[in-house]
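For reference, the structure is listed below as structure tokens.
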Amino acid sequence: MKKIVFIFFILLACTSKDTVSVIGSTNLSDDTNVYLVEYVQNRPILKDSTTVKDGIFSFNDSISFPEMHYLFFKNVRGSIPLILEPGKVELYIDKDSIFNTTIKGTISNKEFEIYKKETEIFTTELSSIQNDINNALSTRDSLVLDDLESQFLEMREKLSNYEFNYIKESGDSYISSLILRRMIFERSIDYETADTIYNGFTDYIKGTSPAKEVKQMIDNYKLTNSESPRIGSFAPKFSGPGLNGEIISLNSIDSNYILLDFWASWCAPCRVENPDLAETLKKYNNEDFTIVGVSLDNNEASWKQAIKDDGIENWIHISSLKYFNDPISKLYDVASQGVPTSFLIDPERRIIAKNLKSNDLEATLNVYLKINESKWLVYIC
């Protein structure tokens, strides 16, 4: 009998350590709907829902590894990010300032609160510059946009330096895995360094979604580093849905030279460069040169609005609206490079250059077009 009781308590202990309890108090009205959402491959998945009763709401679940979730409230703008992991999470939500919610209770949430406070100066400034970029896009003032891009990149570098030091000091933590994933996306860390950091994680952190994505990107890099599209290789053939759902393929594009440009509405450097690329395109006829924009957006309205705002209606546009899971971006290994990433493709459909800014692109095109013209003249003679 003692053995049975002992085993029961062992099983209970093993089960309880995977239990997460979220308890929220709020001044929101009773019967307000509360939604617990997790983003999987950048798409929202409703995990649970409840209502406010006597100023209280709660969720209970079991979870093996820390994962980021979000709380949404009916008729309330915005959401609250919180990390679900074994333990008790407590928070107070003021209906008039949900963005100032403080979360208590578990190690990862405590670290997340510290991280948010220490990076607020960077994120606030980046958000402000992004808004200035969006406003400046309407004037198409290249000098202003170049200056704003420099400011944005400088501030992002400061944030990256902070985050790199954070990872070095914090090491094995869920927040470190989140940071590392984003640093790879933004190309602010090389893969060798990222691999070293990842290998320093315990199996517990390696079991989280961001760490798994980091591992996948590192493995893809190791696998494709010598085989991924490179200068001199043939461009992988692709096809994808256009603005109106029509299928556009590499074979269907008649222009001699093609700039295959991977971008997104949420990518500030992309948005700054887009108007310059559009101006470059105007200098050539469609037979000589065109731009194919592959968007990594997952929101159709944001994608189409950015096309309009940036004045790039003269591009050929493709998007599967699948973020970094876009099939064409996978063909060109964009996840290991980030956005913006571009490939200049010649008439033989070989890649002849990568990641050219608009001025360099124009100079390169002029050289190749002149060479082709010379070949044609020699042929005629």
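Readers should treat all values here as calculations from the given coordinates under stated rules, not as data from a laboratory. None of these values were measured; they are calculated from a predicted model. Glycine also receives a Cβ, built like all others from the backbone with ideal geometry; neighbour counts cover every protein chain displayed.
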If each residue of separation counts as 0.36 nm, what is the full-extension length gain between ARG182 and LYS237 once their alpha-carbon separation is subtracted?
16.9 nm
When the chain is modelled as a GNM with alpha-carbon springs shorter than 10 Å, which of PRO347, PRO66, PRO269 fluctuates the most?
PRO347
Compute the acute angle (0 to 90°) between the alpha-carbon long axis of helix 268-282 and the principal axis of greatest extent of the alpha-carbon atoms of the chain; round to the nearest 10°.
20 degrees
Cα-based helix-to-principal-axis angle, 358-380 vs the chain, degrees rounded to 10
40 degrees
So how far, in whole Å, is the C-alpha centre of region 36-81 from the one of region 175-216?
25 Å
Multiply the residue gap between ASP61 and ASP31 by 0.36 nm, knock off their C-alpha separation, and tell me the result in nm, one decimal place.
8.7 nm
Those GluC sites (Glu not before Pro) in region 159-253 that DSSP places in a loop and that have at most 10 other beta carbons within 10 Å:
GLU227, GLU246
Using modelled backbone amide H atoms (1.01 Å from N, in-plane), which distant-in-sequence or interchain residues come within less than 5 Å of GLY242's amide H?
ILE247, ILE248
What FRET efficiency comes out for SER252 versus ASN314 if R0 is 25 angstrom and r is the Cβ-Cβ distance? Round to the nearest 0.05.
0.90
How large is the dipole of region 64-152 about the Cα centre if only Lys and Arg carry +1 and Asp and Glu carry -1, each at its Cβ, rounded to the nearest 20 debye?
560 debye
Estimated [θ] at 222 nm from DSSP helical runs (n ≥ 4, -39500 (n - 2.57)) normalised by residues in the chain, nearest 500
-14500 deg cm²/dmol
Which entry is the computed Cα extents along the principal axes in Å for this structure: (1) 102, 47, 40; (2) 67, 41, 41; (3) 64, 45, 42?
(1)
Apply 1/(1 + (r/R0)^6) to the Cβ-Cβ distance of ARG349 and TRP266, taking R0 = 35 Å, and write down the FRET efficiency to the nearest 0.05.
0.70
Simple spin-label model, 7 Å along Cα-to-Cβ: LYS104 to THR193 in nm?
3.7 nm
Contour minus end-to-end for THR364 and ASN135, with contour as 0.36 nm per residue of separation and end-to-end as the Cα-Cα distance?
79.4 nm
So, with points 7 Å from each Cα along the Cβ direction, the LYS168-ILE114 label distance in nm works out to 1.7 nm
Quick shape check on region 239-380: root eigenvalues a ≥ b ≥ c of the Cα gyration tensor, a/c under 1.5 is rounded, otherwise prolate if a/b tops b/c, else oblate, and it reads prolate
For a quick check, take a GNM of the chain with Cα springs below 10 Å and name the residue from VAL37, VAL294, VAL339 with the largest mean-square fluctuation.
VAL37
Percent antiparallel among DSSP beta bridges confined to the chain, rounded to 5, stands at 70 percent
Out of TYR39, TYR257, TYR221, a Gaussian network model of the chain with alpha-carbon springs under 10 Å gives the largest mean-square fluctuation to TYR39
Just how large is the dipole of the chain about the Cα centre, in debye to the nearest 20, putting +1 at every Lys and Arg Cβ and -1 at every Asp and Glu Cβ?
1140 debye
Pop out the ³J(HN,Hα) list for region 201-210 in order, Karplus 6.51 cos²θ - 1.76 cosθ + 1.60 with θ = phi - 60°, rounded to Hz; leave Gly and Pro as x.
6, 6, 4, 4, 6, 5, x, 7, 4, x
